[in-house]
Every structure is written in structure tokens, then in C-alpha cells.
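Asks: What follows is a single structure, and I will ask about it in a moment.
Bear in mind these aren't lab numbers, they're just calculated from the coordinates by the rules spelled out. Bear in mind the structure is a predicted one, so any value in this text is a computation, not a measurement. Note: ideal-geometry Cβ built from the backbone for every residue, glycine included; neighbour counts use all protein chains shown.
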Amino acid sequence: MPGAATDDARRLALGDADVRRCGLPSSSTQGPVKLVLVYFHGSGTPFRVEQERLFTPPRALRLLAAGVAVVLPASPLRDGAVHFWYSTDKDVLLDLLKKAKKQEEVEESTRHAEHATDVTATSASPQSAVDLLKDGEPAFLDHSRATAQRVVEEARNVMGLRFASVALGGFSQGAAVAMDAALHLPARPAALGFFSGSLMCRRRWRERLSTLKGWADLPLVQGHGRGDWAVGVNGGRWMRDFCRDEIGMQQAEYHEFQGGHTIPPDLADRFMEVLLLAAGAEST
């Protein structure tokens, strides 16, 4: 599997990834390319959510007219028709989620308890579970990290753009891959968009913080549904807090909505606005 995945990644990096531009011809935008968005799909059928929820024909045409190219790489990792960027042990994950829920209950009790010391003494194990959720690096993410880096680098080179003209985004698993890729770039990207994604690899990501330059002003649009059954909303809140508190991203927007594992139209429109602004800034 690793060998085949490597071959697919090489092909996808400059092949399929380059031609999947919102269903539009791969050869042109209306004028020079000012910005390229590399957008990573979620686990499942590649591009379904992107086509249905985000890159609708009207939005795609707006991006095209503004000189924004969109690269949609398909993960080289798959199980039958299901593409994925990484894999987690479901039993371990469910156990950690149960312990994390207990952690929240303990913290809520602590806030209302008259004698917090008795409650605090029971919170060590659940807190450890929460940290494991935040710090854990799932299987195959190292491979996807290398694939993402190649896709970004080759898209940038083919279009003759600097890293400052590269935006990254993703849905579900793709959101975590986009964040991981952004943190490992040698320079700050133009903008970020994370939808229904969760914090992970926190320990590894923290090791990258000292290398980040200019992220305080980096635009980020992040959204998560309160009823998300696939990636719980707490994961999105952890990602929000990491971006704001640990990285210090002052331009980070977090939109929490009533809904599930999806991208609402108004949130998609907001991300388009940020991309268009980034493209305009690069043209000045």
C-alpha cells in the first residue's frame, strides 16, 4: 500500500490535482492567476461536499473572474471508493471521547462546587484523555503531510506564485490536513479556511510556533456545526482556541452554527469574500 500510495500521490500532485479547478478548464482564468487555493476534501468521496456546498458554479465563476485558481487534490489513501487522509482507532477514539465528556462534567461541577478541592482531585484522568485527543497524531498523517506539501509546492511552481499567494482550506479531515500543511510551509500563506475540522497533533504543531512569521494578521474563516455528528463541535472549539490563543491569530473568524457536518451557504460566501480580498491584495 505505501508504494502504491506514493505513486498515486506523485500523479495527483501535478495531474488530477491540477485539473480539478471547480470543474472549469485547467488552462486558464480570465487573466493571470493571482491566487491559488489548495483545498483538501474530507473522508469519503472526493469533491462531493466541495461541489455541492462550497464551489457552486456562481462562486466558481467569481473566483475565476478574480484570477483565483482552485486545486482539489484527491487523497492517494483509499479503502475501496472511500478516500481518507488519515486513520484513527475508533475504539480508542470513543473511549477518549467518553473520558473527555466526563472531563467537561467535572469542570462544570467544579465551577459550581463550594469545595472545589474534592472535585479537582478526580479530574486528573479525564484531563489526560482530553490532552491525548488534542495531541494525538493519527496513522498515515505523516504520509498525507508529505503529499500535501508536494501538492502546494507544485501548484505554486506551475502557476509562478509566491507562498503569499497560496491559500489553504479543507473540510473535516481535510481541515486538519490544511492546518498541518500551513504550519509546515516555509512562509505564511495568504488565507486559511477550516470547516468541520478538529484540533490534533497539538504537541507537534506547538513545535512549529517559533517558526511562524506574520500569522497575527493571517485571515482565517473557521466554521463548525453544533450538531456535527462526525466531528464533534468541541474539536472545532479547540482548533479555534489554538489559533487565537496559542498562535495569536487576530484575524481568525470562528462561526458556530445550528447544523451538522456541512458548510452553510453564508459561511461559504464569507470564505469566498476572504479569498477575493486576498487575490485583490496580491494584485496591488
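Asks: Beta carbons within 10 angstrom, averaged per residue: use that to sort the peptides 208-215, 233-240, 73-80, highest first. Each step should come with its number before you reach the end.
Replies: Values: 208-215: 12.6, 233-240: 20.5, 73-80: 18.9.
Listed from highest to lowest mean packing, they are 233-240, 73-80, 208-215.
Asks: Quick one: which residues, 5+ away or cross-chain, put their amide H under 5 Å from the amide H of PHE40? H built at 1.01 Å from N.
Replies: Residues meeting the amide H criterion: GLY169, GLY170, PHE171.
Asks: For THR45 and ALA146, what is the calculated FRET efficiency with R₀ set at 25 Å and r taken between the beta-carbons, to the nearest 0.05?
Replies: Working: r = 23 Å, r/R0 = 0.93.
The formula returns an efficiency of 0.60 here.
Asks: Separate question: Rank ALA146, LEU212, ALA181 by how far each Cα sits towards the positive end of the charge dipole of the range 137-265 (+1 on Lys, Arg Cβ; -1 on Asp, Glu Cβ) and give me just the farthest.
Replies: The listed residue farthest towards the positive side: LEU212.
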